[in-house]
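In what follows, a single structure is set out as structure tokens and then discussed.
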Amino acid sequence: MEIAAYAASGTGASFYVDLQGNLTEQTGRHGRMFGGLHVRLRGYTAIRGWEDCFAVRPPRRDCLAVLRTLEARLHPFGTGLPFVCLTTVYLLYLDESGSHVGSPAFILAGMAVHEQDAWHFQRRLSGLVERSLPAGSAAADFELHAAEIKNPVKIVRGKKVKSVWAKIPVADRFKVIGSTYRSIAGYKCQDATRPCALFGAVIDGSYKDREERAYEEVLHKFDEMLTRQAHVSGVHERGMVIHDKRIIESDVQTWTQAWREVAGRIGKLNHIADVPLFADSRASRLIQAADFVSWGLYRYYGPAQDDRWIKPLWKRFDADGGVMRGLIHVVPGFRHGACSCPPCASRAEAA
């Protein structure tokens, strides 16, 4: 988290905060200058005077109120408040389904969480796995990968091998799947004004550019949520995208960089801080949560046409004005009412 506050003192005085959180005045050489405060916090480290604002657990104070109090101290004449910038980050974790040959659709989906929720939600998912395993099992070895838990076989160097989940009885494996979906659907964010939201794009397999189209749709929907929240709160938060490793990483990064600089088919990305980062899903429970979102969508839109997994998640997709904004289903004729799935129906009702 990074916080910056700048004050036009008008007296040549500038101020800084030391490591103990004390304000100290410095005299400048010029008759008028800008004083400044710049505080960088690592994780949830707090300094005196800011403990409540950055506390990991409630009660929490309004950080903007803390900053306004600080502004008053920085401005000696009280002739106006200095400019304050509070920068925090939303993290969008993504995974995909349906990338294999012959898939009826390509699906990119995942979950956006505010930075203050990342640790809490990861811990919740890790606890879920630990409680589901026999005593003495190493939870880190059990990746929350929905398809692998359902059918404990995975592909390693082109060959099918037994998954570590094969050690767990089938009934218990299905309990893990159900519990994970309930955790995603029911997680309560640390700050209600910064909600967690799901995003996704389901692109019909007939589109040759389905992968690029999916990334463009999802990143813009994430960007639109950040823009909408900025209009309400006045705080322009940035977004970072974290994706499971895959072979088209350079393509995705090239597309994103272009959309950040020049408006693409949909528009320009304004709140995405950098190109997507790619990480091994085994190291992140939140990437694993994204896998559950994309797999649930594939079970619904794919050959199985099974809605039992995605059904509790419909309400979690980003929405505004009663319209599901966070998920789009792109099929030929989708703009003309060719489909009645939840996101298509939501748009049709609002039209």
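No lab work stands behind these numbers, since they all come straight from the coordinates. This is a predicted model, so every value here is computed, not measured. Ideal geometry is used to build each Cβ from the backbone, glycine not excepted, and the neighbour counts take in all protein chains shown.
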Inter-centroid distance (Cα atoms) of the stretch 220-257 relative to the stretch 82-156, Å | 17 Å
Subtracting the Cα-Cα distance of Ala273 and Val101 from 0.36 nm times their residue separation yields 58.6 nm
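Express in nm, to one decimal, how much length is gained between Ile155 and Asp307 on full extension, taking 0.36 nm for each residue of separation and deducting their alpha carbon distance.
Values: separation 152, 0.36 × 152 = 54.72 nm, distance 2.60 nm.
Computed gain between Ile155 and Asp307 is 52.1 nm.
Which order do the peptides 130-139, 323-332, 271-280 take when ranked by the mean count of other beta-carbon atoms within 10 Å per residue, highest first? Intermediate results must be reported in sequence, preceding the final value.
Values: 130-139: 11.6, 323-332: 20.1, 271-280: 16.1.
So the peptides 130-139, 323-332, 271-280, ranked by packing, come out 323-332, 271-280, 130-139.
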For Leu94, list long-range residues whose amide hydrogen, built 1.01 Å from N in the peptide plane, is under 5 Å from its own amide hydrogen.
-> Ile242, His243, Asp244
In a shell of Cβ-Cβ distance under 15 Å around Lys162, excluding Lys162 itself, what net charge do Lys and Arg (+1) and Asp and Glu (-1) give?
-> +4
In whole angstrom, how long is each semi-axis of the equivalent ellipsoid of the stretch 89-350, when you take the square root of 5 times every eigenvalue of its Cα gyration tensor and sort them from largest down?
-> 28, 21, 19
Near Lys167, which lysines are there with a Cα under 23 Å away, not counting those fewer than 8 places off in the same chain?
-> Lys150, Lys154, Lys159, Lys175
At a Förster distance of 56 Å, what's the computed FRET efficiency of Thr254 paired with Val170, Cβ-Cβ distance as r, to 0.05?
-> 0.85
